[in-house]
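S.K.: Submitted below is the structure of interest, expressed as structure tokens.
The values are calculated or read from the model by the stated rules, or taken from the named source; none is laboratory data. All values reported here derive from a predicted model rather than from experimental measurement. For neighbour counting, all protein chains shown are included, and Cβ atoms are generated from backbone atoms with ideal geometry for every residue, glycine included. Remember, those area values only see protein heavy atoms, side chains included, never the ligands or the DNA or RNA. Shrake-Rupley method; radii C 1.70, N 1.55, O 1.52, S 1.80 Å.
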Amino acid sequence: MIATYRLQLGPGMTFGHVRSLVPYLRELGISHVYLSPSFQAQEGSTHGYDVIDPTQISEALGGEEGLRAIREAGIGVILDIVPNHMAAVDGNRYWADEELREKYFDLDPVSGRWRRFFDIDELAGVRQEDSEVFEETHKLPLHLVAEGVVDGLRVDHPDGLADPTGYLARLRERGVGRVWVEKILEASEELRDWPVSGTVGYEFLNDAAALFVDPAGEEALTALYRDLTGERREFHEVADEAKLQQASTTFQPEVDRLRRLVDAPEMERALASLPIYRTYVRPTGVGYDPDPAAVEAPGSVAPEDREAIEVARERGMPEETAERLTLERDAPPEFVTRFQQTTPAITAKGVEDTAFYRDVRLLALNEVGGDPGRFNLSVADFHARCGERARRFPENLLITQTHDTKRSGDSRARIGALAGIAEEWSKEVRRWFELAAPLRAEVDGRAAPDPTEEYLIYQTLVGVWPASAERVEEYVRKALREAKRNSRWVEPDEEWEGAVLEFVRRLYDPGELHDAISSLATRHMPRGERAAVGQLLLKLTTPGIPDVYQGDELWALSMVDPDNRRPVDWDERREAIAALDSGAQVDRANVKMHLIRRALALRARRPEPFAGAYRPLRASVSLCAFARGEDEIVAVTAVRDDTAGATFRLPEGTAGEWRDVLAGSGPDGGRTLTLGAEPSFDEVRLPGWPVALLERA
């Protein structure tokens, strides 16, 4: 595998559309399309996660014949599957038939309600722990993999399953060699020793973003945030509060079901106290155990689980519940299993969809799998995490954006780079707050927006400027409801929302405030773009398989869905690649495409180094430099803007001739350099951009 390209299928992107893109994607250097769920979904589905028949490929997308045609066009296929749930609608025969419903779905026999996907009543949990259910719902994907139509599977939300370990073991036993799990890891958490190729890449995204956040800006940005909002709590305190609110309201049916199994005190607090999404304790008699040497063997508790539960004790989990989860106290196996299935939903809704919109110190850190309490990642720590990935999961996906991220990689890089101008930013924002006073409206005796909302708006504008007011308004409405402070999805406060959205519109009116925002955003744009290009180089060269989200080969400034699922201008991209082929100079508009093409061509030409070792190289503090394989490839990026006099040391004994992979125009280009043992970064970088990629001659 060289690289994947994520495509969101739907009415505007069918298998026929994908097939027509194959020549372009191959020119870009992509080896595999990475498709959103493709099984038969509800009529009119725009995303495919509401499956009604997992034994058929969606007719609306082009059917199995259309899927096979993509492979026949000369590109590999990675398929996103949804084992955790199906649509709870009459059009789903497994749901409509009462006997099949009881067999296939995780029903609550008392309330008549069912295990939901998060808080969505229309998506019901599937009992994949039942071998017959597994066989029926997986016969099509297993068949497609066996025939070579599909090269691997992306497993959506494995944390919702009763037995993720056993489920993944079944896939491996049935011949699925490549599986990526949508497992959200906390910053200090490692993926379990599952039989998978890795995760879908959120941990890399957050590491790369934090690497480019200047730690020198933390004190000033923290002081600014506290002065503006009055918030002084640590992020985990904000998150724990939001999780407890979710457990006490949205997920009360799940809590009630747990209480019928074990009537333990403070169940809501217990569910909200875990520092990770879930534990993987496997009570005896639950799930599938093909491998007695599995880390999470039935009846045992892994050290990682004990550690997480110990932290939960410190955060308020009652002792008796902790002892049940560690199997030190008798508990029904169903309680242990169901508790673990419930915490991921509470964490996702409490952290990603609530706390990330309440704690807004630096929005670049508020990303799926991220920890806003971790301001920065050092170069040494980044190297250590890359080395561990090379050792354990060398085919882990590497992403900077997905359909589920809170913002695009380019937007995130702009916001993260504000830490490099923390004093200037602080001064500007305080001035904007003063200038904005006439724009705020009074609602029930309070100014709308409040300071937290207003600061979120200003960071968002810098991230996507010059996005239209309409796009920003749509984002802000969603942010208000996700935060659940002054409005919410269940009961929107139309008056408050109206006042805040009018505030956003008036920011676009000509005047001193608009000019100040535009001036800062424009001045800051190159700094953010340099950080984005640096993160792109890391995605293309560190251990793992790089994934490009649809359209992200050119600048993509987007916010959370639905903004990040807007149609892609494919003609613009075809024209850009044709221009590069014709010798167009590398400039701001095409630099990402140029970098992707050259790096992927190198991966195709020299696959062994990229499947091999990762070696950190000594370098100036402003640089991140490393070698791949037997020191055949060297990549360097600046992680700070000041690179004056910056140098890096080549691997021992490799001074001499190297090929500058990024030099020149056209599809190949390149130039030969004669380098000493410690080259200057300026000697090898892509002119105007903080990246270098070298191939040993």
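S.K.: For region 338-350, what are the residues that are crowded, with 20+ Cβ neighbours inside 10 Å and either in contact with a His (Cβ under 7 Å, 6 or more places away or on another chain) or over 16 Å from Ser273 (Cβ atoms) (or both)? First the steps, then the outcome.
M.R.: Initially, region 338-350 is screened for residues crowded, with 20+ Cβ neighbours inside 10 Å, giving 339-350.
Gln341, the sole residue that qualifies.
S.K.: Of the conditions (1) among the charged types (D, E, K, R); (2) within 26 Å of Ile75 (Cα to Cα); (3) part of a loop (DSSP other than H, G, I, E, B), Glu186 satisfies every one except a single condition; which number is it?
M.R.: (2)
S.K.: Could you check region 21-41 and list, in sequence order, the residues that are open to solvent by 30 Å² or more (accessible area, probe 1.4 Å) and either modelled with pLDDT under 95 or under 22 Å from Gly152 (Cβ atoms) (or both)? Lay out the reasoning, then the answer.
M.R.: Taking region 21-41 as the starting set, the residues that turn out to be open to solvent by 30 Å² or more (accessible area, probe 1.4 Å) are 23, 26-27, 40.
If the condition is that a residue be open to solvent by 30 Å² or more (accessible area, probe 1.4 Å) and either modelled with pLDDT under 95 or under 22 Å from Gly152 (Cβ atoms) (or both), then Arg26, Gln40 are the ones that fit.
S.K.: When the residues of region 16-41 are narrowed to those that are hydrophobic (A, V, I, L, M, F, W, C) and out of contact with any Ser or Thr (no Cβ under 8 Å at 6 or more places or on another chain), which ends up nearest to Asp90 (Cα to Cα)? Can you show your working first?
M.R.: Taking region 16-41 as the starting set, the residues that turn out to be hydrophobic (A, V, I, L, M, F, W, C) are 18, 21-22, 25, 28, 30, 33, 35, 39, 41.
Narrowing further to those that are out of contact with any Ser or Thr (no Cβ under 8 Å at 6 or more places or on another chain): 18, 21-22, 25, 28, 35.
Values: Val18: 31, Leu21: 36, Val22: 37, Leu25: 39, Leu28: 43, Leu35: 26 Å.
Ranking the qualifying residues of region 16-41, first place goes to Leu35.
S.K.: Just the residues that are touching a Leu at 6+ places or on another chain (Cβ under 9 Å) and either part of a helix (DSSP H, G or I) or farther than 23 Å from Tyr202 by Cβ (or both), please, taken from region 252-278.
M.R.: Going through region 252-278, the residues touching a Leu at 6+ places or on another chain (Cβ under 9 Å) turn out to be 254-255, 258, 264, 267-273, 276-277.
Correct list: Glu254, Val255, Leu258, Ala264, Met267, Glu268, Arg269, Ala270, Leu271, Ala272.
S.K.: Look at region 45-75 and say how many of its residues are part of a loop (DSSP other than H, G, I, E, B), surrounded by fewer than 22 Cβ atoms within 10 Å (Cβ to Cβ) and of a type outside the set (Asp, Glu). Steps first, answer last, please.
M.R.: Kept after step one, since they are part of a loop (DSSP other than H, G, I, E, B), are these residues of region 45-75: 45-50, 58-62, 73-75.
Next, only the ones that are surrounded by fewer than 22 Cβ atoms within 10 Å (Cβ to Cβ) stay: 45-47, 59-60, 62, 73-75.
Imposing the further condition that a residue be of a type outside the set (Asp, Glu) reduces the set to 45-47, 60, 62, 73-75.
Residues in region 45-75 being part of a loop (DSSP other than H, G, I, E, B), surrounded by fewer than 22 Cβ atoms within 10 Å (Cβ to Cβ) and of a type outside the set (Asp, Glu): 8 in total.
S.K.: Go through region 106-120 and give me each residue that's of a type in the set (Lys, Arg) and either assigned to a strand (DSSP E or B) or under 28 Å from the mean Cα position of the chain (by Cα) (or both). I'd like the intermediate steps shown before the answer.
M.R.: Step one: of region 106-120, the residues of a type in the set (Lys, Arg) are 113, 115-116.
Hits for region 106-120 are Arg115, Arg116.
S.K.: In region 642-676, what residues are surrounded by fewer than 13 Cβ atoms within 10 Å (Cβ to Cβ) and of a type outside the set (D, E, K, R)?
M.R.: The initial filter retains those residues of region 642-676 that are surrounded by fewer than 13 Cβ atoms within 10 Å (Cβ to Cβ), namely 642, 644-645, 652-653, 657, 666, 668, 671-672, 674, 676.
Passing the criteria: Ala644, Gly645, Gly653, Gly666, Thr672, Thr674, Gly676.
S.K.: Restricting to region 2-20, give me the number of residues that are assigned to a helix (DSSP H, G or I) and either open to solvent by 20 Å² or more (accessible area, probe 1.4 Å) or in contact with a Lys or Arg (Cβ under 8 Å, 6 or more places away or on another chain) (or both). Reasoning before the result, please.
M.R.: Of the residues in region 2-20, the ones assigned to a helix (DSSP H, G or I) are 15-20.
Checking which are either open to solvent by 20 Å² or more (accessible area, probe 1.4 Å) or in contact with a Lys or Arg (Cβ under 8 Å, 6 or more places away or on another chain) (or both) leaves us with 16-17, 19-20.
Residues that pass the stated criteria total 4.
S.K.: Name the pairs: first residue in region 61-74 and closer than 19 Å to Tyr49 by Cβ, second residue part of a loop (DSSP other than H, G, I, E, B) and open to solvent by less than 60 Å² (accessible area, probe 1.4 Å), Cβ to Cβ under 7 Å, at least 6 apart or on different chains?
M.R.: From region 61-74, the pairs are Leu61/Leu9; Leu61/Thr14; Leu61/Ser38; Gly62/Thr14; Leu67/Ser38; Leu67/Val149.
S.K.: Given the options Arg505, Arg523, name the one that is farther than 20 Å from Gly445 by Cβ, free of Cβ contacts under 8 Å to residues at least 24 places away in the same chain and exposed (fewer than 15 other Cβ atoms within 10 Å of the Cβ). Give the steps one after another, and end with the answer.
M.R.: Details: Arg505 fails: free of Cβ contacts under 8 Å to residues at least 24 places away in the same chain.
Just one listed residue meets the conditions, Arg523.
S.K.: Is it true that some residue in region 234-257 is in contact with a His (Cβ under 8 Å, 6 or more places away or on another chain), open to solvent by 20 Å² or more (accessible area, probe 1.4 Å), modelled with pLDDT of 95 or more and not aliphatic (A, V, I, L, M)? Give the derivation first.
M.R.: Going residue by residue through region 234-257, those that are in contact with a His (Cβ under 8 Å, 6 or more places away or on another chain) are none.
There is no residue in region 234-257 that is in contact with a His (Cβ under 8 Å, 6 or more places away or on another chain), open to solvent by 20 Å² or more (accessible area, probe 1.4 Å), modelled with pLDDT of 95 or more and not aliphatic (A, V, I, L, M).
S.K.: Now, a different point. What number of residues within region 456-491 satisfy the criterion of being assigned to a helix (DSSP H, G or I) and farther than 22 Å from Gln245 by Cβ?
M.R.: Here the count works out to 15.
S.K.: Another question, then. Taking the condition touching a strand residue (DSSP E or B) at 6+ places or on another chain (Cβ under 7 Å), at pLDDT 95 or above and not in a loop (DSSP other than H, G, I, E, B), does Gly416 pass?
M.R.: Numbers: touching a strand residue (DSSP E or B) at 6+ places or on another chain (Cβ under 7 Å): no; at pLDDT 95 or above: yes; not in a loop (DSSP other than H, G, I, E, B): yes.
No: the conditions fail for Gly416.
Conditions tested, residue by residue: (1) surrounded by 16 or more Cβ atoms within 10 Å (Cβ to Cβ); (2) within 30 Å of Thr137 (Cα to Cα); (3) of a type in the set (A, V, I, L, M, F, W, C).
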site: Ala162; (1), (2), (3): yes, yes, yes
site: Tyr167; (1), (2), (3): yes, yes, no
site: Arg178; (1), (2), (3): yes, yes, no
site: Val181; (1), (2), (3): yes, yes, yes
site: Ser188; (1), (2), (3): no, no, no
site: Gly201; (1), (2), (3): yes, yes, no
site: Arg232; (1), (2), (3): no, no, no
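S.K.: Residues Asp561, Asp509: which one is closer than 30 Å to Ala437 by Cβ, charged (D, E, K, R) and part of a loop (DSSP other than H, G, I, E, B)? Lay out the reasoning, then the answer.
M.R.: On the way: Asp561 fails: closer than 30 Å to Ala437 by Cβ.
Only one candidate passes the filter, namely Asp509.
S.K.: Okay, next question. Which condition number does Ile78 fail, the rest of (1) among the hydrophobic types (A, V, I, L, M, F, W, C); (2) within 30 Å of Leu261 (Cβ to Cβ); (3) out of contact with any helix residue (DSSP H, G or I) (no Cβ under 6 Å at 6 or more places or on another chain); (4) open to solvent by less than 40 Å² (accessible area, probe 1.4 Å) being met?
M.R.: Of (1) among the hydrophobic types (A, V, I, L, M, F, W, C); (2) within 30 Å of Leu261 (Cβ to Cβ); (3) out of contact with any helix residue (DSSP H, G or I) (no Cβ under 6 Å at 6 or more places or on another chain); (4) open to solvent by less than 40 Å² (accessible area, probe 1.4 Å), only one is false for Ile78: (2).
S.K.: Do any helices (runs of 4 or more DSSP H) entirely within region 292-387 hold 1 or more residues that are within 27 Å of the chain's Cα centre (by Cα) and closer than 22 Å to Thr249 by Cβ, and if so, which?
M.R.: Details: elements: 303-314, 319-325, 333-347.
Per the criteria, 303-314, 333-347.
S.K.: Restricting to region 618-659, count the residues that are assigned to a loop (DSSP other than H, G, I, E, B), over 25 Å from Gly416 (Cα atoms) and among the aliphatic types (A, V, I, L, M).
M.R.: Number of matching residues: 2.
S.K.: May I pose another question? Out of curiosity, is Phe433 aromatic (Phe, Trp, Tyr), within 24 Å of the chain's Cα centre (by Cα) and surrounded by fewer than 22 Cβ atoms within 10 Å (Cβ to Cβ)?
M.R.: Working: aromatic (Phe, Trp, Tyr): yes; within 24 Å of the chain's Cα centre (by Cα): no; surrounded by fewer than 22 Cβ atoms within 10 Å (Cβ to Cβ): yes.
No; evaluated as a whole, the condition is false for this residue.
S.K.: Under the condition of being of a type in the set (Gly, Ala, Ser) and in contact with an Asp or Glu (Cβ under 8 Å, 6 or more places away or on another chain), which residue from region 618-642 is nearest to Val213 (Cα to Cα)?
M.R.: We begin by selecting, within region 618-642, every residue of a type in the set (Gly, Ala, Ser); these are 619-620, 622, 625, 627, 629, 635, 638.
Now restrict to residues that are in contact with an Asp or Glu (Cβ under 8 Å, 6 or more places away or on another chain): 622, 629.
Values: Ser622: 12, Gly629: 28 Å.
Only one residue tops the list, namely Ser622.
S.K.: Now, a different point. Could you grab the pairs with beta carbons closer than 7 Å, sequence gap of 6+ or different chains, first residue in region 466-491 and touching a residue at least 40 places away in the same chain (Cβ under 8 Å) and more than 30 Å from Arg523 (Cβ to Cβ), second one hydroxyl-bearing (Ser, Thr, Tyr) and part of a helix (DSSP H, G or I)?
M.R.: Sorted first by the residue in region 466-491, then by its partner, the pairs are Glu482/Tyr357.
S.K.: Only residues that are buried (at least 17 other Cβ atoms within 10 Å of the Cβ), within 30 Å of Leu7 (Cβ to Cβ) and touching a helix residue (DSSP H, G or I) at 6+ places or on another chain (Cβ under 8 Å): list them for region 81-104, please. Let's see the steps before the verdict.
M.R.: Kept after step one, since they are buried (at least 17 other Cβ atoms within 10 Å of the Cβ), are these residues of region 81-104: 81-88, 92, 94-95, 101, 104.
Checking the rest, the ones that are also within 30 Å of Leu7 (Cβ to Cβ) come to 81-88, 92, 94-95, 104.
Within region 81-104, Ile81, Pro83, Asn84, His85, Met86, Ala87, Ala88, Tyr94, Trp95, Tyr104 meet the criteria.
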